[in-house]
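Undergrad: Dumping the structure here so I can ask a few things about it.
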4 protein chains.
Amino acid sequence: MKMALKLGVIGTGAIGQDHIRRCSKTLVGSEVVAVTDINLEQAAKVVRELDIGAEVYADGHALIAAPDVEAVLVCSWGPSHEEYVLAAIAAGKPVFCEKPLAVTAEGCRHIVEAEIASGRRLVQVGFMRPYDQGYRALKSVIDSGRIGEPLMLHCAHRNPRVGENYKTDMAITDTLIHELNVLRWLLNDDYVSVQVVFPRKTSKALAHMKDPQIVMLETARGTRIDVEVFVNCQYGYDIQCEVVGESGIAKLPEPSQVQLRSEAKLSNAILMDWKDRFIAAYDVELQDFIDGVNAGTITDLLPGMAMPLRWPPMPVCRRRTVERSC
Amino acid sequence: MKMALKLGVIGTGAIGQDHIRRCSKTLVGSEVVAVTDINLEQAAKVVRELDIGAEVYADGHALIAAPDVEAVLVCSWGPSHEEYVLAAIAAGKPVFCEKPLAVTAEGCRHIVEAEIASGRRLVQVGFMRPYDQGYRALKSVIDSGRIGEPLMLHCAHRNPRVGENYKTDMAITDTLIHELNVLRWLLNDDYVSVQVVFPRKTSKALAHMKDPQIVMLETARGTRIDVEVFVNCQYGYDIQCEVVGESGIAKLPEPSQVQLRSEAKLSNAILMDWKDRFIAAYDVELQDFIDGVNAGTITDLLPGMAMPLRWPPMPVCRRRTVERSC
Amino acid sequence: MKMALKLGVIGTGAIGQDHIRRCSKTLVGSEVVAVTDINLEQAAKVVRELDIGAEVYADGHALIAAPDVEAVLVCSWGPSHEEYVLAAIAAGKPVFCEKPLAVTAEGCRHIVEAEIASGRRLVQVGFMRPYDQGYRALKSVIDSGRIGEPLMLHCAHRNPRVGENYKTDMAITDTLIHELNVLRWLLNDDYVSVQVVFPRKTSKALAHMKDPQIVMLETARGTRIDVEVFVNCQYGYDIQCEVVGESGIAKLPEPSQVQLRSEAKLSNAILMDWKDRFIAAYDVELQDFIDGVNAGTITDLLPGMAMPLRWPPMPVCRRRTVERSC
Amino acid sequence: MKMALKLGVIGTGAIGQDHIRRCSKTLVGSEVVAVTDINLEQAAKVVRELDIGAEVYADGHALIAAPDVEAVLVCSWGPSHEEYVLAAIAAGKPVFCEKPLAVTAEGCRHIVEAEIASGRRLVQVGFMRPYDQGYRALKSVIDSGRIGEPLMLHCAHRNPRVGENYKTDMAITDTLIHELNVLRWLLNDDYVSVQVVFPRKTSKALAHMKDPQIVMLETARGTRIDVEVFVNCQYGYDIQCEVVGESGIAKLPEPSQVQLRSEAKLSNAILMDWKDRFIAAYDVELQDFIDGVNAGTITDLLPGMAMPLRWPPMPVCRRRTVERSC
């Protein structure tokens, strides 16, 4: 009989709820036994509505300490991440932390040092793009040598629009961060310099922010990456990545869509909502965490800076069930 | 605690093994407790290699009769399907039957009549295309009214090549059968006439068979469908479906691929192996059967002719776990 | 010094005016010295507005007889074509006749017989598609052997809408006629059978006509062609042609368009007006006639049925000036 | 009767021969009456082979001085351009000069000053891209306001490979120069800063040169342009231009090609030879010069820096014949 990994989830906002549903109903090998939130009523409501019978804890520390919680998902407010991740490491419990790992470089370093001190890989940061089929197919082509050594990457990260809370530097910390994550994995290389350029500002952006931005990165091997970050582009949520190699060019697939001929246009829909773009990748990402814990090892696709770049083998996409004894 | 639906699998050839792996390791809410095959050693080997601890039964009837088998998958040789499906109906056990349901129209009718007599929906036939995301997206567009009423469909079903066992009439019974299945569902309509035309034969086909063929179907509402069936097309496994409506045209998405610029070509790979084309759809199809049984109802997307065309609501793509009491 | 071929144009309606402008201002090696029309004032107005100083003749016969007219363009009403083409043949003057050559099969045969009796190629019928770069590129691919022998063609001829004068049989005589012309040239083959099928009628067509229609043609070599003729398709003027060969498929290029990302769509414009689709081909077609006459030979891409299928070499696309002595 | 503009051509190498053929045989309103070359035998051979009956002059100055030469085409070695263009201006004769206008900035300024002093527009520089249908379509979309104000341009200029004579700085003076020309016209804006970045060098480039290069331009209005210049990309001659506006993105059309399905690929050919890419644009460019001279005015699409940016109206693409009295 299959036994599931018992999870505790800290934070029951949008992404927290989504992960609770995912780990309870969709994925193999897990169940959610504990939840908490800054708003306890909200946490209780989520448990009720999803009908999962998990216990509601007073706070993250109580949840981490609960004996039946075998692993922790941190989905709370960014500034609280560091504290909970450190607590999970201290408790020797594997922890999946939504981005950001911490809100300061120092905070991240504390976590990396704590994990190293623990002697085990315990932390996985919530970046989903390396689990996306399109990026994996792109990496396969690069790794196959069919386009030769990568020399340049032309990328774009576009959102239709952002709200008032979005500040200029969030183009880096909230938006570009996904490229920082996935491109390092894609190229198996690390960054050595960065330059940000501000083109003419779009009239569609709010007064307080600069948009678009162009970020130019240089890697250790000399590959040059340009990323257009444009979060008020109006027309869609659009992620582009083109890898220019010595003998050819490979381009990230566009999301598969019905091709329409109508109203004087040959068209394919472009997604408007970022949540639809990598929807399948979230499942694979969380399944990889569950399987990793169940198998006694987890692999972090964004290893801490202090650790050598030992990339894990590509996780298998297919879901696996793992036998565990109670 | 989650309890799984206990499945018995008759036939441990390629597709049988694949379903055993799927229902044991990948999907939610099932486990395989019983298997059998015309070759019992082969069945035992599969159980051993997949490490699933299922019991090997002497034959399909013994397996169907086993008390812990709650539902049956029929994956044996086509001519044996009718017998096992009827036995499962007689035992009151839900049964998923790989195509064909039976090798004669009479055999199919017997099954339909037996199912009607049982008073419950018990039979699901193994057609995966209606579970494919591309066909679902196409159906969404049609159902949205964006292209108006469908008037014509232009389809193609192409394989790189077929072996010596493939005879001319298998273009209909083995190949076109998938279009017969999915187009009826897509259009929510039924066929009233059919015409087969034989173009000039390709020099790449073996002497004994006619290839390609063009099949022209007419539906009850007057929609005309042409399907090119070309099983020695050399270049790839390629499934095309274009729906011409009163005000626009919708086309089945091509499988998502990395776009390459290399060697004087802008290209996207075309799959060569049919098994890769609908790989995700098989998971959804079996999960739908499991969920349907667990929920106390199954929906067959190819209802028997004698039954009114009551199309089920589109099954949800996401996997669900179902609580069952022992 | 360059001397131009002196042309007389019968009919100064839309297409006539267009050819007068083309032969006077755009092409090399011709000038229009004579025009006529059923409406003489209209003819005079065209001469005045284009500022070409051509003489206006009382009727087509007077124009054909005029000593300085070296070749004739027939652009008048369809039923008058036969009479004028026969008169030009009788006068020994090369004649370019807009489609139809005649409105009856008998009329066409009279013309073919008269041309044969004259001992010279004198007649070119106004079909422009074989002069289109896209069809030429498609023919190059077929002729290169890269897709093997053609086995099937899937074609579509779609117009956004047609007016009240358009009757059901014009789908053949006015619309399909272009496919009849170009596909014979493309395949270097002739038709042996034809079948027309009427799908469910679109609600967008006027009451008196059947639309769409599917025409299935068989050629002497057994190639099967299906052509969807749909003249109220709403969304655009759209010409499709896909050639399925023994080892690959070649598709007529879509007209080149700017690719747009806007309003949640990745789109390319589809033309709405048929006049824009083959605009460059009209120039090449008329230049080929002028060059052919100037070189003392013309080649008809739709030879009369009574004549052997001796296809001319592909006319050179580039324009040439030809020296002629008066 | 049509009278043609009498042209003298200096330089009968590849591009010179091509222009002689073009102006003698293809275009309307011109004839070549005089040629010269550093190699007079070669000049005579060209005249003989093209059968144009032009006179061979001893050098460019004699040709410019010839009374029947009405306009001059300078197609000789780059370093000689300045001298001949100045001579033509001094003679009051319109001159079409292949790029470069001069090999130094000072040389260009001398020409601009001489032209201004002459009081007439006499010089057109040989840049063909603004005459290309694809760039014109792109400009139409921008000018229509459909994508809003341009904020960024992502461009690429790729050649399969270059020979030993190609030095690193020719990426700017010989290759990027076309983007410098066409993008200024496209945006109706001028450059204010430029930055060149050298990515990791491709192993396919010869030892003495850096390849690829990324050039980042900033315009007066703040639009940012990145151009990848990669002249040993192996796979094709590939020109990309994507304009990111405030509300949408417009992309230069790829050259129209037959779409192929063969050998497990869905592919469109990419051109390998730059001469095929803008072949039609050369005709339109020269026709525009001829028409401009015949109409008593020429418009230069790359106006000298000292002159105000008064962009000419888009030249009409269609060819026109112009009546001229001797």
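Laboratory data are not the source of any read-out in this text; all were calculated from the coordinates shown. None of the values given here were measured: they were computed from a predicted structure. Counting neighbours? That spans all protein chains shown, and the Cβs are built from the backbone with ideal geometry, glycine included.
Undergrad: Can you sort A:E31, B:E41 so the residue with the fewest Cβ neighbours within 10 Å comes first?
TA: B:E41, A:E31
Undergrad: Something else now. Based only on other Cβ atoms within 10 Å, what is the fewest-to-most ordering of B:R136, A:R261, D:R146? Provide the component values of the computation, followed by the final result.
TA: Details: B:R136 19, A:R261 25, D:R146 16.
Least crowded to most crowded, the residues run D:R146, B:R136, A:R261.
Undergrad: Taking the Cα atoms of chain A alone, what are Rg (to one decimal) and Dmax (as a whole number) in Å?
TA: 20.6, 63
Undergrad: Angle check, please: helix A:81-90 long axis (alpha carbons) against the longest principal axis of chain A (alpha carbons), in degrees 0 to 90, nearest 10.
TA: 50
Undergrad: Let me spell out the model: positive unit charges on the Cβ of Lys and Arg, negative unit charges on the Cβ of Asp and Glu, origin at the Cα centre of the range A:130-272. What dipole size does that give, in debye rounded to 20? Walk me through the numbers before you get to the answer.
TA: Details: 16 positive and 18 negative charges, 82 e Å.
Result for the range A:130-272 is approximately 400 debye, rounded to the nearest 20.
Undergrad: Could you point to the residue in D:A280, D:A264, D:S247 farthest towards the positive end of the range D:152-292's charge dipole, with +1 and -1 charges on the Cβ of Lys/Arg and Asp/Glu respectively?
TA: With unit charges placed on the Cβ atoms, the residue in question is D:A264.
Undergrad: Here is a follow-up. Hey, got the average number of other protein chain Cβ atoms within 10 angstrom for residues in C:267-278? Walk me through the numbers on the way to the answer.
TA: Working: counts 10, 6, 6, 7, 1, 2, 0, 0, 0, 0, 0, 0.
For peptide C:267-278, the averaged partner shielding equals 3.
Undergrad: Which residues among the range B:171-203 fall inside the zone where the amide N is under 19 Å from a point 7 Å beyond the Cα of C:K210, along Cα→Cβ?
TA: Correct set: B:192-196.
Undergrad: Residue by residue, what Karplus-based ³J(HN,Hα) values in Hz, rounded to whole numbers, does the range C:244-258 have, using 6.51, -1.76 and 1.60 with θ = phi - 60° and x for Gly and Pro?
TA: 3J(HN,Hα) across the range C:244-258, in whole Hz: 9, x, 5, 9, x, 10, 10, 10, 3, x, 6, x, 5, 9, 5.
Undergrad: For the rotation that brings chain D onto chain B, whose beta-carbon in chain D is nearest the axis, and what is that distance in whole angstrom?
TA: For the rotation taking chain D to chain B, the closest Cβ gives D:S267, 2.
Undergrad: Rounded if a/c is under 1.5, else prolate if a/b is larger than b/c, else oblate: which is the range B:130-272, with a ≥ b ≥ c the root eigenvalues of its Cα gyration tensor?
TA: Details: a/c = 2.14, a/b = 1.15, b/c = 1.87.
Judged from the Cα gyration tensor, the range B:130-272 comes out oblate (a/c at least 1.5, b/c at or above a/b).
Undergrad: Further, regarding this structure: Run the dipole for the range B:102-147 about the Cα centre, Lys and Arg Cβ at +1, Asp and Glu Cβ at -1, nothing else charged, and hand back the magnitude in debye, nearest 20.
TA: Details: 7 positive and 5 negative charges, 48 e Å.
Taking the Cα centre of the range B:102-147 as origin, the dipole is about 220 debye.
Undergrad: Work out the length of the dipole vector of the protein assembly as shown about its Cα centre, built from +1 on the beta-carbon of each Lys and Arg and -1 on the beta-carbon of each Asp and Glu, and round it to the nearest 20 debye.
TA: Details: 144 positive and 168 negative charges, 2 e Å.
The calculation lands at about 0 debye.
Undergrad: Enumerate the amide H contacts of A:K265 below 5 Å, restricted to partners 5 or more residues apart or on another chain; note that Pro and chain-start residues carry no placed amide H.
TA: C:I270
Undergrad: Amide H to amide H, which residues 5 or more places from C:E55 or on other chains are under 5 Å from it, using H placed in the peptide plane?
TA: Sorted by chain and number, the residues that satisfy this are C:A34, C:V35.
Undergrad: Would you mind calculating the relative contact order of the range D:172-284 from Cα pairs under 8 angstrom and at least 6 residues apart, reporting the percent as a whole number?
TA: Values: 123 pairs, mean separation 18.3, N = 113.
RCO, the range D:172-284: 16 percent.
Undergrad: Per-residue mean of other chain beta-carbon atoms within 10 angstrom of the beta-carbon, peptide D:209-218? Let's see the in-between values first.
TA: Working: counts 0, 0, 1, 5, 1, 6, 0, 5, 0, 3.
Partner Cβ neighbours, averaged per residue: 2.
Undergrad: Next question, about the same structure. Over chain A, what is the relative contact order in percent, taking alpha-carbon pairs closer than 8 angstrom and at least six residues apart? If you can, show how the numbers build up before the last one.
TA: Numbers: 605 pairs, mean separation 60.7, N = 326.
It rounds to 19 percent for chain A.
Undergrad: Check C:E70: other-chain or 5+ apart residues with amide H under 5 Å from its amide H, H built from backbone geometry?
TA: C:K6, C:L7, C:G8
Undergrad: With θ taken as phi - 60° and the coefficients 6.51, -1.76 and 1.60, list the Karplus ³J(HN,Hα) couplings across the range D:164-178 in order, rounded to whole Hz; mark glycine and proline as x.
TA: Once θ is set to phi - 60°, the couplings for the range D:164-178 become 5, 6, 7, 9, 3, 6, 5, 4, 8, 6, 10, 9, 4, 3, 5 Hz.
Undergrad: Ranked by Cβ crowding within 10 angstrom, fewest neighbours first, how are C:I20, D:I142, B:I279 ordered?
TA: Values: C:I20 25, D:I142 19, B:I279 16.
Fewest to most other Cβ atoms nearby, the residues stand as B:I279, D:I142, C:I20.
Undergrad: List the pairs from D:K201/D:K251; C:K201/C:K265; B:K204/C:K99; C:K275/D:K251; A:K201/D:K167 whose alpha-carbon separation is above 32 Å, in the order I gave them.
TA: Details: D:K201/D:K251 28 Å; C:K201/C:K265 30 Å; B:K204/C:K99 40 Å; C:K275/D:K251 25 Å; A:K201/D:K167 37 Å.
Cα-Cα > 32 Å for B:K204/C:K99; A:K201/D:K167; rest within.
Undergrad: Net charge within 15 Å of D:V192 by Cβ-Cβ distance, Lys/Arg positive one each and Asp/Glu negative one each, not counting D:V192 itself?
TA: Working: positive: A:R200, D:R184, D:R221, D:R224; negative: D:D189, D:D190, D:E218.
Spelling it out: positives minus negatives among the neighbours equals +1.
Undergrad: Nearest 10 degrees, 0 to 90: what angle lies between the long axis of helix D:40-50 and the longest principal axis of chain D (Cα atoms)?
TA: The angle comes out near 80 degrees.
Undergrad: Per residue of the range B:202-209, in order, report the coupling 6.51 cos²θ - 1.76 cosθ + 1.60 (Karplus, θ = phi - 60°) as ³J(HN,Hα) in whole Hz, putting x for Gly and Pro.
TA: Ordered by residue, 3J(HN,Hα) equals 5, 6, 8, 8, 5, 4, 7, 10 Hz.
Undergrad: Based on DSSP H runs of at least 4 residues, each adding -39500 (n - 2.57), what is the mean residue ellipticity at 222 nm of chain D after dividing by all its residues, to the nearest 500 deg cm²/dmol?
TA: Numbers: 9 runs with 91 residues, N = 326.
Roughly -8000 deg cm²/dmol at 222 nm, from the helical runs in chain D.
Undergrad: Name the residues of the range B:221-239 whose amide N is less than 16 Å from a point 7 angstrom out from the Cα of B:F198 along the C-beta direction?
TA: B:229-232
Undergrad: How charged is the neighbourhood of C:D211? Take every other residue with its Cβ under 14 Å from the Cβ of C:D211, and add Lys/Arg as +1 and Asp/Glu as -1.
TA: Working: positive: B:R224, C:R158, C:R161, C:K167, C:R200, C:K201, C:K204, C:K210; negative: B:E149, B:E246, C:E164, C:D169, C:D174, C:E228.
Net local charge, C:D211 excluded: +2.
Undergrad: Where a ≥ b ≥ c are the square roots of the eigenvalues of the C-alpha gyration tensor, would you call the protein assembly as shown rounded, which needs a/c under 1.5, or, failing that, prolate if a/b is larger than b/c, or oblate? List each step's numbers first, then the result.
TA: Working: a/c = 2.62, a/b = 1.43, b/c = 1.84.
Verdict is oblate for the protein assembly as shown.
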